[in-house]
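Shown next, in structure tokens, is the structure this report addresses.
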Amino acid sequence: MSTPGVGRPRRVNWVQLISTAVVAIITVIAADLADGAVSGVVGIFRDNPPPRIDHSSEHLVTLFDPEGSLSPEYAVTEHVGPARCWEESLVSKSPGALRCTAKNYIFDPCWPKGSWDPGHVGCLANPWSRKVTILNLPSGMGEYEKMPHVEIPWGLEIQNPNNPREMIECSSVAGGTVEFLNGKPIYWKCLDRMGAHVGWAVGEVEKSKDGPWKVLFSGKRSDQLVQSPIKNLWW
């Protein structure tokens, strides 16, 4: 017998109720953490702005001292030969720098060890490398063609316009066929600190008396040119 107006007692699904409450609490906590993470990132960028480059420093690279001894910051890692050198360097205006060849490869620049050892030169792959390749010249130095001094730096360290916190290194591509981008010659290939190709530096360096020198940069997958400050130049 049922009492009029009184229905069957409703059972409470406590498992479902607790699960719903837990999900709601986790959602609130996650939202708070996300807001905190975003605020933290914003704070990092606000408190640590990209480095400011106030001036450009020039460096003239040499391998050997007047006595023919290798400068202490360098180390010989390879010997290659036979080789020959036939003209002055096309990428460096360092005194005595030469352009040489061995095993169908071009080595530029290379530096003689001195008149007392005309059978060997030391070469670098780029301005910031500390690994030296020694070339063996069976016929000695011989005669080589004099070249006009280059006015294009061998290497640049510039601020990456796509990531102002990152400095990238650009080395000369002189000696081959000159390619153009938006009507300007491509003089340097730019790599990040991990050695990945990130773009090109093009045109001549824009010099300044009261600030850093600058150069035009284009990303690897872009033809847009953006001016970038230069921190270091190597000749």
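The values are calculated or read from the model by the stated rules, or taken from the named source; none is laboratory data. Predicted model only: the values in this text are computed from it and were never measured. So basically every Cβ, Gly included, is an ideal-geometry build from the backbone, and we count neighbours across all protein chains shown. Side chains included, ligands, DNA and RNA excluded: accessible areas come from the protein's heavy atoms. Shrake-Rupley method; radii C 1.70, N 1.55, O 1.52, S 1.80 Å.
For the reader, a short list of remarks on this structure follows.
- Segment 59-81: number of residues that are outside any loop (DSSP other than H, G, I, E, B) and under 16 Å from residue 134 (Cβ atoms): 8
- Residue among 42, 22, 91 that alone is closer than 30 Å to residue 212 by Cα and modelled with pLDDT under 90: 42
- Cross-chain or 6+ apart pairs with Cβ under 6 Å, segment 195-207 first and open to solvent by 50 Å² or more (accessible area, probe 1.4 Å), then charged (D, E, K, R) and part of a strand (DSSP E or B): 206/214
- Taken over segment 55-77, the criterion of being open to solvent by 90 Å² or more (accessible area, probe 1.4 Å) and in contact (Cβ under 8 Å) with a residue 40 or more places away in the chain is satisfied by 55, 58, 60, 66, 67, 73.
- Among the residues making up segment 130-163, those that are surrounded by 15 or more Cβ atoms within 10 Å (Cβ to Cβ) and more than 16 Å from residue 218 (Cβ to Cβ) are 132, 133, 134, 135, 137, 141, 150, 152, 153, 154, 155, 157.
- Unmet criterion (only one of (1) among the charged types (D, E, K, R); (2) in a loop (DSSP other than H, G, I, E, B); (3) more than 24 Å from residue 187 (Cβ to Cβ)) for residue 84: (2)
- Looking only at residues of segment 102-129 that are part of a strand (DSSP E or B), in contact with a Leu (Cβ under 9 Å, 6 or more places away or on another chain) and farther than 20 Å from residue 235 by Cβ, we find that the one that is least open to solvent (accessible area, probe 1.4 Å) is 102.
- Across segment 208-228, the number of residues qualifying as touching a Gly at 6+ places or on another chain (Cβ under 8 Å), open to solvent by less than 30 Å² (accessible area, probe 1.4 Å) and not β-branched (Val, Ile, Thr) comes to 3.
Residue-wise test of (1) more than 18 Å from the chain's Cα centre (by Cα); (2) at pLDDT 90 or above; (3) farther than 24 Å from residue 52 by Cα; (4) of a type in the set (Phe, Trp, Tyr).
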{"site": "142", "(1), (2), (3), (4)": "yes, no, yes, no"}
{"site": "156", "(1), (2), (3), (4)": "no, yes, no, no"}
{"site": "172", "(1), (2), (3), (4)": "no, yes, yes, no"}
{"site": "185", "(1), (2), (3), (4)": "yes, yes, yes, no"}
{"site": "200", "(1), (2), (3), (4)": "no, yes, no, yes"}
{"site": "207", "(1), (2), (3), (4)": "yes, yes, no, no"}
{"site": "227", "(1), (2), (3), (4)": "no, yes, no, no"}
{"site": "231", "(1), (2), (3), (4)": "no, yes, no, no"}
{"site": "234", "(1), (2), (3), (4)": "no, yes, no, yes"}
